[in-house]
Amino acid sequence: MKIKKYPNKQDSITIDAKNKTYRELNSEIRTAADQDICHITLQNVLGQRFIADGIKKEGIYLSVFGIAGGDLGVFMDGPIIYVNGNAEHAPGNTMSGGKIIIDGDAGDCVGHSMRGGMIFVKGNAGYRVGIHMKQFKDNYPTIVIGGSAQSFLGEYMAGGIIVILNIDKPSSIGDYIGTGMHGGTIYIAGDVPDYKLGVATVKEEFIDEDRVLVEKLVDEYNAYFNKKVDFDAITFTKIKPISLRPFSNMYTTE
Amino acid sequence: MCGIIGMLNKDGKRIDGSSIKKGLSLMNERGNGQGAGYAAYGIYPEFKDHYALHVFLDNMKEAKFNVEQEIERWGYIVYSEEIPTTDKGIFEDEKIPYRYFFKPDPRKLLGRDYNEKDAIVEMVMRINSQKNGALVFSSGKNMGIFKASGWPNDVAEFYKINQYKGYMWLGHNRYPTNTPGWWGGAHPFGLLDWGVVHNGEITSYGTNKRYVESFGYNCSMLTDTEVVTYLFDLLVRKHKLPLRLAGMALAPMFWKDIERMPEQKRQLHAALRLTYSSAAMNGPFAIVVANTCGFVALTDRIKLRPLVIGKKGKAVYVSSEEAAIRAMEPLLDSIYSPPAGDPIVHQLEVQTL
């Protein structure tokens with residue numbers, strides 16, 4: 001795995017999460033972050049929630065061993081989290097910046113209401129990946145799932161990018177893709193039957209601009225998980241909302 | 001919220017309750033201390049031909065007298081005792097958990113159009129709807145439910161569940177939302193050998209309740225999960241549907257999906273939807289329903305509640321969270337989340353226990 005190292009900061013710490021509540025664990029993580037310790041390793045994590053919540057600082061690298069509990073990296077802005085295992089529901093909930101790299105599978109609602117930063121999942125993800133994610137100016141949330149995702153992918157999505165690589169099971173993507181979507185783009189490897197699209201979404205042509213963007217993300221995915229996904233061998237289906245303001249005619253201002 | 005957990009040893013091997021307690025306690029955030037409980041199968045081998053009635057008594061005088069008078073109208077009690085507890089005085093509105101090992105008397109059922117199990121259902125419904133200070137919360141053979149208003153760990157210690165050995169366990173950690181937290185409202189719910197744990201809410205409760213009431217069931221526990229128990233009793237025990245089909249009837253496929261199915265399958269699913277439209281459950285839910293033979297785990301059709309299944313050798317685990325399963329068994333052979341609305345059935349592979 002290639003992660004940018006921070007040569008100026010040598011400090012590292014290992015925290016044993018065994019039998020700790022999420023409050024105890026997070027308070028130890030926060031103390032370490034406050035002391036500018038840049039490599040924090042968490043051992044024996046078993047379902048503790050909200051790991052690294054609200055940490056707004058760049059240059060912190062968290063390595064999680066075990067099963068990361070729900071809302072991993074919630075509200076965080078800056079840290080890079082690498083999970084050696086699976087993550088439960090909603091990793092990256094409302095995060096603004098930083099990266100979450102999950103070397104395993106993830107539960108439902110990956111990147112729930114994400115505002116910026118990136119999430120990479122090696123395997124499969126559950127339902128409602130990228131629900132409510134949103135972009136603003138330079139903040140462009142990005143989710144890359146190596147396996148497949150279940151139904152309601154990009155539900156109510158208002159911005160950002162989702163890439164589904166479908167590595168092991170082509171066309172196993174769920175349906176209701178992009179239901180209620182009004183911004184952002186979803187790229188899915190392979191063909192997607194029309195009945196799986198949510199209302200008010202449309203397939204668009206995969207153009208050069210998309211190619212540049214997605215190829216870079218596939219390269220990054222390959223680097224993190226030591227995979228050899230061949231971008232050139234994949235035909236992507238690009239899904240966009242029909243309208244950026246689907247409800248503009250529904251309400252009148254006067 | 002709410003946390004659910006279950007485990008089944010398909011080879012019938014019995015284990016004590018310490019493992020399920022560990023798994024359930026890991027999900028403390030899913031509850032608020034207003035209800036927790038366990039269902040254990042295979043715990044009363046010495047009374048395996050008798051119905052084990054677990055009853056909450058308000059007092060040891062009238063309530064006990066009333067319930068015994070009712071039970072003896074239907075059969076005879078071979079043994080009864082207070083369920084052994086370690087009372088630490090930590091619970092509010094404490095009830096007295098009492099148990100009766102009971103056998104229906106065919107002579108007392110004479111002239112009534114009942115088979116034995118119908119008689120038990122009728123008896124339980126009568127006791128629970130009469131507001132006489134007694135509530136039957138478990139009525140199966142060789143199984144028992146242990147529940148109270150408290151945290152998973154406290155409830156487990158209160159009932160000393162590590163002294164029981166079962167081949168299948170269910171656990172539930174409650175976060176009451178729409179209805180009060182009280183002893184009777186804690187999960188699991190039971191009737192005969194059914195044990196039900198549920199996370200979510202049944203928004204179709206009104207329709208479902210009227211439906212089961214038309215078949216003689218009474219909803220008396222002030223919570224939506226109770227109706228799931230009676231729906232399974234009706235569909236599986238009385239209408240003889242296999243567990244998986246019953247699950248499909250309660251969380252039916254959408255018409256748009258039914259239309260795309262091959263003809264035979266389409267007919268089956270259309271028939272289930274039409275026949276059981278009043279039994280279909282709406283709203284967000286993940287449930288595990290067990291009987292003596294095994295369990296079925298099911299979520300609502302659009303996956304508004306989580307459910308994870310893990311396997312290790314002959315053991316199958318089910319829970320709201322992967323971590324809870326790994327707290328019980330760290331080295332699993334496999335773990336996955338079943339698709340929404342797909343009933344997952346696991347049953348014992350041995351006949352005799």
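The values are calculated or read from the model by the stated rules, or taken from the named source; none is laboratory data. All figures in this text were calculated on a predicted structure; none of them were measured in a lab. Cβ atoms come from the backbone with ideal geometry, glycine included; neighbour counts cover every protein chain shown.
Quick check, is residue A:67 assigned to a strand (DSSP E or B), within 14 Å of chain B (Cβ to nearest Cβ), in contact (Cβ under 8 Å) with a residue 12 or more places away in the chain and surrounded by 21 or more Cβ atoms within 10 Å (Cβ to Cβ)?
So residue A:67 passes the test.
Surrounded by fewer than 17 Cβ atoms within 10 Å (Cβ to Cβ) and at pLDDT below 95: does that describe residue A:245?
Considered against the rule, which asks whether it is surrounded by fewer than 17 Cβ atoms within 10 Å (Cβ to Cβ) and at pLDDT below 95, residue A:245 comes out as yes.
How do the strands (runs of 3 or more DSSP E) wholly within the stretch A:147-214 filter down when requiring 3 or more residues that are surrounded by fewer than 21 Cβ atoms within 10 Å (Cβ to Cβ): which remain?
A:201-204
Kindly check whether there is at least one residue in the stretch B:43-61 that is within 30 Å of residue B:201 (Cβ to Cβ), more than 14 Å from chain A (Cβ to nearest Cβ) and over 17 Å from the mean Cα position of the chain (by Cα).
Yes, the stretch B:43-61 contains at least one residue that is within 30 Å of residue B:201 (Cβ to Cβ), more than 14 Å from chain A (Cβ to nearest Cβ) and over 17 Å from the mean Cα position of the chain (by Cα).
With respect to residue B:304, is the statement that it is surrounded by fewer than 23 Cβ atoms within 10 Å (Cβ to Cβ), within 23 Å of residue B:125 (Cβ to Cβ) and in contact with a Gly (Cβ under 9 Å, 6 or more places away or on another chain) true?
no
Mind listing whichever residues of the stretch A:103-151 are within 25 Å of residue A:63 (Cβ to Cβ) and among the basic types (Lys, Arg)?
Within the stretch A:103-151, A:115, A:122 meet the criteria.
Is one or more of the residues making up the stretch B:290-313 within 18 Å of the chain's Cα centre (by Cα), in a helix (DSSP H, G or I) and either within 14 Å of chain A (Cβ to nearest Cβ) or β-branched (Val, Ile, Thr) (or both)?
No.
Looking at A:137, A:99 in this structure, which one is away from every other protein chain (no Cβ under 14 Å), of a type in the set (Lys, Arg), farther than 26 Å from residue B:27 by Cα and free of Cβ contacts under 8 Å to residues at least 12 places away in the same chain?
A:137
Before we move on, is residue B:261 part of a loop (DSSP other than H, G, I, E, B), buried (at least 21 other Cβ atoms within 10 Å of the Cβ) and away from chain A (no Cβ under 12 Å)?
no
Here's the yes/no breakdown for (1) surrounded by 20 or more Cβ atoms within 10 Å (Cβ to Cβ); (2) of a type in the set (Val, Ile, Thr); (3) in contact (Cβ under 8 Å) with a residue 24 or more places away in the chain:
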site: B:170; (1), (2), (3): yes, no, yes
site: B:194; (1), (2), (3): yes, no, yes
site: B:199; (1), (2), (3): yes, no, yes
site: B:229; (1), (2), (3): yes, yes, yes
site: B:233; (1), (2), (3): yes, no, yes
site: B:244; (1), (2), (3): no, no, yes
site: B:252; (1), (2), (3): yes, no, yes
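Name the residues in the stretch A:72-90 that are within 13 Å of chain B (Cβ to nearest Cβ) and either over 10 Å from residue A:51 (Cβ atoms) or touching a residue at least 40 places away in the same chain (Cβ under 8 Å) (or both), would you?
Residues satisfying the conditions are A:85, A:86, A:88, A:89, A:90.
Here are A:90, A:106: which of them is closer than 21 Å to residue A:20 by Cβ and either surrounded by 23 or more Cβ atoms within 10 Å (Cβ to Cβ) or small (Gly, Ala, Ser) (or both)?
A:90
Might you check whether a residue that is farther than 24 Å from residue B:82 by Cα, surrounded by fewer than 17 Cβ atoms within 10 Å (Cβ to Cβ) and among the basic types (Lys, Arg) occurs anywhere in the stretch B:109-126?
Looking for residues that are farther than 24 Å from residue B:82 by Cα, surrounded by fewer than 17 Cβ atoms within 10 Å (Cβ to Cβ) and among the basic types (Lys, Arg), one finds at least one in the stretch B:109-126, hence yes.
Within the set of pairs 6+ apart or on separate chains, which have a first residue in the stretch A:28-52 that is surrounded by fewer than 17 Cβ atoms within 10 Å (Cβ to Cβ), a second that is of a type outside the set (Ser, Thr, Tyr) and not in a strand (DSSP E or B), and C-beta atoms under 6 Å apart?
So the pair list comes out as A:44/A:17; A:44/A:18.
Name every residue in the stretch A:95-112 that is within 10 Å of the chain's Cα centre (by Cα) and not in a strand (DSSP E or B), in order of residue number.
A:95, A:109, A:110, A:111, A:112
Can you tell me how many residues within the stretch A:10-58 are within 14 Å of chain B (Cβ to nearest Cβ) and in a helix (DSSP H, G or I)?
5
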